[in-house]
Amino acid sequence: MYSRAYKTLVSLPPLLWVGLFLVLPYAMMFAHSFWAVRDGILVHQWNLHNYVTLFSKPVYVEVLWRTMRIAAAVTFCSLLLGYPLAYYLSFHAGARKELLYQLVIVPLWVSYLVRGYAWKTILGSEGVLNGFLQYVHFTHEPVAFFLYSPFAVVLVLTHIYTPFVFLPLYAALEHIPRPLVEASEDLGAGSAQTFLRVILPLSIPGLLAGATFAFVLSLGDFLAPLLVGGASGIMIANVVQSLFGAAYDWPLGAAISVCILLITISLLFLSERLEKRWSSK
Amino acid sequence: MSRLALRGLVKAFGSTKVVDGVDLTLEEGEFVSLLGPSGCGKTTTLRMIAGFVPPSEGTIEMNGQIMSSPGSVVPPERRQMSMIFQSYAIWPNMTVAENVSFGLTLRKLPSDEVRRRVGEMLEIVQLGHLAKRYPAELSGGQQQRVALARALVNRPLLLLLDEPLSALDANLRKQMQSELKALQRELGITFLFVTHDQEEAMALSDRIALLRNGALEQVASPREIYAHPATAYTARFIGQTNLLRGEIRDRIAKCSAVEWPVDGPSGPVIFSLRPEAIRLASGGATVPGTVRFRATLQQQFFSGATELLEVNCGGQLLRVRISAHGPLAGEHDFIFSIADAIRVQE
């Protein structure tokens, strides 16, 4: 048995960490969201004004709604890319499995910023993609919507978050005991039937985890819209950033943050519930 | 026409031959065990028969039709056989009834027929009351029965079993052995049973095919293989035995301190002598056709109805199984009948 003093000593650093860097900032954010700014000065006067503004001004609701749509599109696209990749690696890659796995992981070591800028040079009107399309006479004018659009944001975020979808999916697929798959073939199921009736249902927990990653990370993303989003691709995190910066309206920024936090928490909660229900079967 | 025929079956991974020229035929309704230590190629052989692994050489025929040859393999889903996996491999995301109906719904049978056949099969394996449960709620023995029901409901011509009882505890294993045997008799399906447990193979099989390093060592009924092992390996693997190494000279076999008359040319020789073939000698005279020798008792292991003695006869250690006798010590006379000393190959 460990002594009481020892247990306290061991649990102190993580508790301090969580308290200082998680509970305290969130509490401050929460408090700020009920304060106000008068004549450029923050006043500690409790009110609900920020929340009223947030939901009455169409611009905020619109950006929030667009952010959710972009996050949903990113989730969908990265599942569409990540699932076949994970499935192929887990079931059919054979000896190339290790190498391919590393190839998925390596891009994660490259700075987000570098990858964002790389897309700028690809998608811009003088960029690689437009240059190529004009070269093959597919179009005569540069295609404008490639860059500075929600499309560009979805593209970049999909590129960045697909590995995050791939990893839990791959882990889930790797955990399916192979005899479960062989038993299905043995009992007369072809590969499509085996996939639909055995592999896919058993990979649902990984799928939920991956989808949650992609959605939550996209929801709070700030760099991709800044780099390639333009005016039409602005997301809620950019609004928060400007409220905390140039606009100097911390209380409103905090109120939006609280909203994002609530959305995120309820999503995590929902995904965990679904995952539990699925695996308790 | 035999149900299953393996002809010159070889499986090589790189330069190592895991299965090395197996010829074996199974008749309709037969229960054959593929027996051998781990790594002898028995599971690979089974997986080739099931269609999961293509053979490197040779063919697998079922009812006279070629199922597998190095060039072409009929996929598992189009063979009229089913496999029972060591880990049961029942799907955790489906109920017992869903697991069992899997094969039938794939064949697009009418739903009332599916229901009827699943119900019947669940009754046979005594799981009728658990049809709506999920596998995680079942015991090991019950999961095993689900796996059996799931395979048998499709009425396969051949059932392949890959060490299906090895994950069960000893009591449950005995019970499942008897259930398996009863089920096989009742349904008349050919069983090919892979195991490393010689006792299990002896208790269940019509014939035992003993594998050694990927090749068949001996194929015979349990009684035959026990009474007349062809090789020292077989004699040691099936039951306990004493291997007496010695020499034949002038029609006399001499193994350490014991000798007896035999027919056969001179040269080195090995005999297998089962522990129960040796008895404590009573009376003074040597009966014709028996060999009498004197040995010193070293150990005595009591096991209820019988006891096992380890005796030393001129440097050769011999195991002797006698019916319960009481404590023994010192030197004793033992006899065995010459007919029980079976000449085996190396």
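Sequence-ordered 3J(HN,Hα) estimates for the range A:20-34 from the Karplus curve with 6.51, -1.76 and 1.60 and θ = phi - 60° stand at 6, 9, 10, 5, 4, x, 5, 4, 5, 4, 4, 5, 4, 5, 9 Hz, glycine and proline given as x. Using a Gaussian network model of chain A with C-alpha springs under 10 Å, which one of A:124, A:19, A:233 is most mobile by mean-square fluctuation? Comparing A:124, A:19, A:233 in a Gaussian network model of chain A, the most mobile one is A:19. Here the relative contact order of the range A:96-151, from alpha carbon pairs under 8 Å that lie six or more residues apart, stands at 23 percent. Take every DSSP beta bridge whose two residues both sit in the range B:97-231; close to 50 percent of them are antiparallel. When the Cα positions of B:289, B:266, B:277 are compared along the charge dipole of the range B:235-305, B:277 comes out farthest toward the positive end, with charges on each C-beta of Lys, Arg, Asp and Glu. Amide H contacts of residue B:306: B:324, each under 5 Å away and 5 or more positions distant or on a separate chain (H built 1.01 Å from N in the peptide plane; Pro and chain starts excluded). The Rg/Rh ratio of the range A:48-280, with Rg taken over Cα atoms and Rh as the Kirkwood radius over Cα pairs, comes to 1.05.
In this structure the amide hydrogen of residue B:67, modeled in the peptide plane, comes within under 5 Å of the amide hydrogens of B:60, B:61, B:62, none closer than 5 places in sequence on its chain. Place +1 on the Cβ of every Lys and Arg and -1 on the Cβ of every Asp and Glu in the range A:48-280, take the dipole about the Cα centre, and give the residue among A:240, A:162, A:142 whose Cα lies farthest towards its positive end. Farthest along the dipole direction, towards plus: A:240.
Based on Cα contacts under 8 Å between residues 6+ apart, chain A shows a relative contact order of 26 percent.
Largest mean-square fluctuation among A:69, A:197, A:38, in a Gaussian network model of chain A whose springs join Cα atoms under 10 Å apart, belongs to A:38. Across the range B:191-264, C-alpha contacts under 8 Å between residues 6 or more apart give a mean separation that, scaled by the residue count, equals a relative contact order of 17 percent.
For the range B:237-242, the Karplus equation 6.51 cos²θ - 1.76 cosθ + 1.60, evaluated at θ = phi - 60°, returns couplings of 6, 8, x, 9, 8, 9 Hz by residue, with Gly and Pro reported as x.
What the phi angles of the range A:98-112 give under the Karplus curve with 6.51, -1.76 and 1.60, with θ = phi - 60°, is a coupling list of 4, 4, 5, 4, 4, 5, 6, 6, 3, x, 5, 7, 7, 4, 3 Hz, glycine and proline written as x. Can you spot the aspartates and glutamates whose alpha carbon is less than 14 Å from residue B:17's alpha carbon? Ignore those fewer than 8 places along the same chain. Straight-line reach from residue B:17, under 14 Å: B:57. The mean number of Cβ atoms from other chains found within 10 Å of a Cβ in peptide B:88-96 is 5, as a whole number.
Of the beta bridges in chain B, as assigned by DSSP with both residues counted there, near 75 percent are antiparallel. Between the range A:9-29 and the range A:77-95, the alpha-carbon centres lie 39 Å apart. With contributions of -39500 (n - 2.57) from each DSSP H run of at least four residues, the per-residue ellipticity at 222 nm computed over the protein assembly as shown stands at -14000 deg cm²/dmol.
Taking amide H as placed 1.01 Å from N in the peptide plane, residue B:290 has its amide H under 5 Å from the amide H of B:338, each at least 5 places away in sequence or on another chain.
Mind checking which lysines have their Cα closer than 22 Å to the Cα of residue B:11? Skip sequence neighbours fewer than 8 apart in that chain. Reachable lysines: B:42. Here the Gaussian network model covers chain B, with springs between Cα atoms less than 10 Å apart; of B:194, B:19, B:125, B:125 fluctuates the most.
Dipole size of the range A:48-280 about its Cα centre, with +1 on Lys/Arg Cβ and -1 on Asp/Glu Cβ: approximately 200 debye, rounded to the nearest 20.
Any read-out appearing in this document is the output of simple, stated calculations on the displayed coordinates, not a laboratory observation. Owing to the predicted nature of the structure, the values given are computational and were not obtained by experimental measurement. For neighbour counting, all protein chains shown are included, and Cβ atoms are generated from backbone atoms with ideal geometry for every residue, glycine included.
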